[in-house]
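Here's the structure we're looking at; comments come further down.
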Amino acid sequence: TDEIMHQDIIPLYAADIQDQLKKQFAYLSGGRGGDGCPVITFPDYPDFSEIPEKEFQNVLTYLTSIP
């Protein structure tokens with residue numbers, strides 16, 4: 001089973017993860033894909049492999065929850 005898909009999702013607020021968001025290893029570019037879904041951009045980030053899994057999950061959970 002995929003652990004990420006089976007976790008209870010707790011709502012995250014920008015204020016809760018502001019330090020993680022400031023790193024800008026992922027962000028919403030404002031664009032939309034062909035199916036209308038928002039595009040998440042992963043720019044070149046020198047320490048990407050050093051980002052803790054929980055931090056990565058928090059940022060993606062937050063970004064995917066924005067309407």
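All of the numbers you see were taken from the coordinates with simple rules; none came from a lab. Computed from a predicted model, the values in this text were never measured in an experiment.
With n ≥ 4 as the cut-off for DSSP H runs, can you work out [θ] at 222 nm for the chain, using -39500 (n - 2.57) per run divided by the number of residues, rounded to the nearest 500? It would help to have the intermediate numbers written out before the result.
Details: 2 runs with 18 residues, N = 67.
Rounded to the nearest 500, it is -7500 deg cm²/dmol.
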Contour excess over end-to-end distance, with Cα ends at L63 and Y13 and 0.36 nm allotted per residue: 17.0 nm
